[in-house]
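What follows is a short report on a single structure.
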Amino acid sequence: MNIPKTNTPRLVIIGGGFAGVSLARNLLKEKVQIVLIDRQNYHTFQPLLYQVSTASLEPDSIAYPLRKVVKKGTNTFFRMAEVSAINDTTKTIHTSIGNLTYDYLVIATGARTNFFGNKNVEQHAMRMKNLPQALNLRSFLLENLEQAVITKDPKQRKELLRFVIAGAGPTGVELAGGIAELKINVLPRDYPDMDFDEMEIHLIEGANRVLPPMSAKASKKAADFLTQLGVHIHLNTLVSDYSNNIVTTTTGNIFETATFIWAAGVTGAPVDGIQADSLIPRANRYEVNRFNQIKGYEHIFALGDIALMQTPAFPKGHPMVAQPAIQQGKHLAKNLKRLLKGKEMLPFTYFDKGSMATIGRNKAVVDLGKFKFAGFFAWFVWMFIHLWFLVGFRNRFVTFFNWSYNYINYDKAARLIVRPFKNKIDVTEKV
Ligand SMILES: Cc1cc2nc3c(=O)[nH]c(=O)nc-3n(C[C@H](O)[C@H](O)[C@H](O)COP(=O)(O)OP(=O)(O)OC[C@H]3O[C@@H](n4cnc5c(N)ncnc54)[C@H](O)[C@@H]3O)c2cc1C
């Protein structure tokens with residue numbers, strides 16, 4: 001892998017997501033050699049993936065080069081590689097570009113889409129967990145519209161213009177809102193020869209309300225906003241199958257659609273080689289203590305979505321969102337500095353900064369502790385927070401410019417089929 005051996009300890013970080021980047025950034029100036037490894041050469045700001053799928057933002061405005069993260073350090077390296085296994089007896093990781101030994105290892109590999117064992121859904125549904133998948137969705141959505149405008153078969157047109165999303169968590173809700181905005185503000189001007197009353201957006205949710213992790217007030221407001229935008233919500237409904245362009249559900253409702261998007265769950269993305277009883281099977285996440293050490297290991301840590309830390313306030317572990325990942329990364333950096341100085345580590349405590357979701361122009365819901373609000377102000381807060389947490393000044397600037405342009409012009413400028421999406425079965429699940 002061409003990493004020099006020095007006399008400082010080597011810290012290998014697998015994963016350049018929120019957790020891995022937060023950890024690396026807070027250790028760049030320390031007397032430790034850092035090797036950051038990711039299968040992609042960029043960090044992805046996943047909360048805005050839906051804006052790439054719905055043609056609001058270009059992919060490069062929500063991605064940040066990982067080499068830029070490590071370049072400020074003196075003994076820091078990035079390698080683009082897939083990590084396939086860990087051998088703690090020899091303290092070695094095995095990757096697609098060779099093996100590397102470590103003194104400390106941090107696993108921050110995040111999560112992948114959970115299909116709950118439904119093979120048809122896994123094979124045929126669209127998903128949106130990384131940038132290539134978000135771009136696939138954008139192309140596919142636009143290709144279907146191009147097909148709908150020329151077909152003479154009314155049944156085929158219906159299928160092409162019906163968009164079905166499984167899962168009304170923040171991802172499903174934001175995606176449904178984004179597609180509805182396209183339908184209302186953008187597509188009728190692009191396709192004056194098509195009747196957009198025929199276009200339908202369906203959101204299917206197993207629970208009895210949308211945005212189940214948020215407050216009841218936020219759920220109610222979000223459902224109102226979605227209904228105003230013409231989204232059909234189907235609660236207490238589970239998807240049982242998707243094949244031959246037909247979604248079947250547990251309530252007996254069926255939906256004929258060319259575009260079925262699965263946003264109904266994630267599961268951890270562990271790496272082979274860690275002993276089996278350190279992995280909590282139902283979640284596929286590593287059990288970690290308050291110092292983020294994986295159960296049974298002293299020098300191997302896990303952070304973010306892949307780590308399940310049970311605390312009195314979070315008996316089932318922290319939510320799989322960006323803040324626990326960022327905060328754990330920062331905290332582990334502090335603890336590693338202490339370890340290197342021979343001091344004891346300090347336990348991690350999560351500071352819950354609240355949650356939010358946007359449903360479209362001027363519409364968002366925010367839960368900030370006791371404060372729960374919705375509408376224009378919530379939307380403004382949502383935009384501000386997302387701009388703030390986007391990595392890199394350029395990304396913030398470009399995103400702000402695009403949002404302002406879209407807002408003033410009722411436009412979504414990135415509706416381009418740059419990389420045509422040909423075959424749904426070709427989608428490979430990686431992240
Ligand atoms: C569509 C979507 C919307 C979301 N919206 C929100 C939101 O609005 N607010 C919020 O707080 N959270 C949101 N989340 C969740 C949030 O993005 C995650 O909780 C967060 O990214 C977790 O950070 P992480 O560092 O643990 O993992 P990730 O950010 O997923 O990073 C993991 C990294 O590890 C790399 N990797 C994985 N396995 C390997 C391997 N074997 N070899 C090499 N590299 C590997 C991946 O390429 C990736 O870069 C959203 C997630 C998605 C998918």
Output yes when any residue across the range 107-115 is touching a Pro at 6+ places or on another chain (Cβ under 8 Å), among the polar types (S, T, N, Q) and within 14 Å of the ligand (Cβ to nearest atom), and no when none is. yes
Count of the range 1-39 residues which are among the acidic types (Asp, Glu) and within 14 Å of the ligand (Cβ to nearest atom): 1
Is it the case, given these coordinates, that Arg67 is farther than 25 Å from Glu298 by Cβ, basic (Lys, Arg) and within 12 Å of the ligand (Cβ to nearest atom)? no
Pull out all pairs, ordered by first then second residue, where Cβ-Cβ is under 7 Å, the residues are six or more apart or on different chains, the first lies in the range 184-196 and is touching a residue at least 24 places away in the same chain (Cβ under 8 Å), and the second is assigned to a helix (DSSP H, G or I) and among the aromatic types (Phe, Trp, Tyr). Leu187/Phe196
Of the residues that make up the range 311-318, is at least one under 24 Å from the mean Cα position of the chain (by Cα), within 13 Å of the ligand (Cβ to nearest atom) and surrounded by 15 or more Cβ atoms within 10 Å (Cβ to Cβ)? yes
So for the range 226-234 (the condition being assigned to a loop (DSSP other than H, G, I, E, B), outside the structural domain of Ala322 (by TED's automatic domain parsing) and either within 29 Å of Val366 (Cβ to Cβ) or at pLDDT below 95 (or both)), does at least one residue qualify? yes
Selection over the range 321-341 where residues are assigned to a loop (DSSP other than H, G, I, E, B) and either buried (at least 21 other Cβ atoms within 10 Å of the Cβ) or modelled with pLDDT under 95 (or both) yields a count of 1
Being among the β-branched types (Val, Ile, Thr), near the ligand (Cβ under 10 Å from one of its atoms) and touching a helix residue (DSSP H, G or I) at 6+ places or on another chain (Cβ under 7 Å): is that true of Thr95 here? no
Scanning for something closer than 27 Å to Met320 by Cα, in contact with a strand residue (DSSP E or B) (Cβ under 9 Å, 6 or more places away or on another chain) and buried (at least 16 other Cβ atoms within 10 Å of the Cβ), does the range 182-191 turn up at least one residue? no
Residues that are touching a residue at least 60 places away in the same chain (Cβ under 8 Å) and in contact with a Ser or Thr (Cβ under 9 Å, 6 or more places away or on another chain): find the strands (runs of 3 or more DSSP E) completely inside the range 236-285 holding 2 or more of those. 239-243, 259-262, 266-268
Looking only at the range 270-301, count how many residues are charged (D, E, K, R), farther than 16 Å from Thr89 by Cα and either surrounded by 18 or more Cβ atoms within 10 Å (Cβ to Cβ) or out of contact with any Pro (no Cβ under 7 Å at 6 or more places or on another chain) (or both). 4
Give just the number: which of (1) closer than 16 Å to Thr257 by Cβ; (2) within 26 Å of the chain's Cα centre (by Cα); (3) of a type in the set (Val, Ile, Thr) does Thr151 not satisfy? (2)
Considering only the range 248-290, state which residues are modelled with pLDDT of 95 or more and among the basic types (Lys, Arg). Arg285, Arg290
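The values are calculated or read from the model by the stated rules, or taken from the named source; none is laboratory data. Since the model is a prediction, treat every value here as computed from it, not as a measurement. Cβ atoms come from the backbone with ideal geometry, glycine included; neighbour counts cover every protein chain shown.
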